[in-house]
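These notes concern the structure reproduced below.
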Amino acid sequence: MVNKNKLLTFAIASCMTTFSTMASQDPTAPLGWAAPVEKSQPKKVVRYSLPQLQSIVCGQARCNAIMNGAVVSQGEQIRGYRVVSINSESVTLNRNGKHWTLSVFAKDIKN
């Protein structure tokens with residue numbers, strides 16, 4: 001009787017182990033096949049293109065610039081760039097400690 005109980009217990013334990021192993025695998029997959037490991041997506045780097053200066057309009061008190069079809073003033077932001085200064089000839093932008101100076105007219109004017 002003791003041997004039958006041990007044998008029955010062993011049989012039940014081995015069946016449970018087999019069923020749990022089978023449940024964790026795809027029974028329709030080819031032999032030796034393993035599911036591909038999913039890789040995490042790399043972070044997308046956001047690149048801000050330099051705004052296009054279209055015009056500068058100066059009044060009595062201050063100058064405004066038209067950039068990418070929007071009117072901006074000193075201290076405002078456009079496309080990730082902060083407008084540092086605007087004068088009658090150029091606009092200075094700042095982003096991450098770097099400065100860009102945009103002018104309405106090309107500096108290489110030849111007669």
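The values are calculated or read from the model by the stated rules, or taken from the named source; none is laboratory data. Remember, predicted model here, so these are calculated numbers, not experimental data. Positions of Cβ are generated from backbone atoms using ideal geometry, with glycine treated the same way; all protein chains shown enter the neighbour counts. SASA here: full protein model, heavy atoms, side chains in, ligands and nucleic acids out. Shrake-Rupley method; radii C 1.70, N 1.55, O 1.52, S 1.80 Å.
Using the Karplus relation 6.51 cos²θ - 1.76 cosθ + 1.60 with θ = phi - 60°, the per-residue 3J(HN,Hα) values for region 52-64 come to 8, 7, 9, 6, 10, 10, 10, x, 6, 8, 7, 10, 10 Hz, with x marking Gly and Pro. Computed over protein heavy atoms with a 1.4 angstrom probe, the accessible surface ordering of TYR81, TYR48, largest first, is TYR48, TYR81. Peptides 26-36, 64-74, 91-101 ranked from most to least packed by the mean count of surrounding Cβ atoms within 10 Å: 64-74, 91-101, 26-36.
Here is the list for region 31-111: GluC sites (Glu not before Pro) lying in DSSP coil, each with at most 12 other C-beta atoms within 10 angstrom of its C-beta, are GLU38. Would you mind classifying region 51-111 by shape? Square roots of the alpha carbon gyration tensor eigenvalues, ordered a ≥ b ≥ c; an a/c under 1.5 is rounded, otherwise it is prolate if a/b is larger than b/c and oblate if not. Oblate, since a/c reaches 1.5 and b/c is not below a/b. Remark: region 88-96, residue by residue, has Karplus-estimated 3J(HN,Hα) of 5, 10, 8, 10, 10, 10, 9, 7, 6 Hz, where x stands for each Gly or Pro and the curve is 6.51 cos²θ - 1.76 cosθ + 1.60 at θ = phi - 60°.
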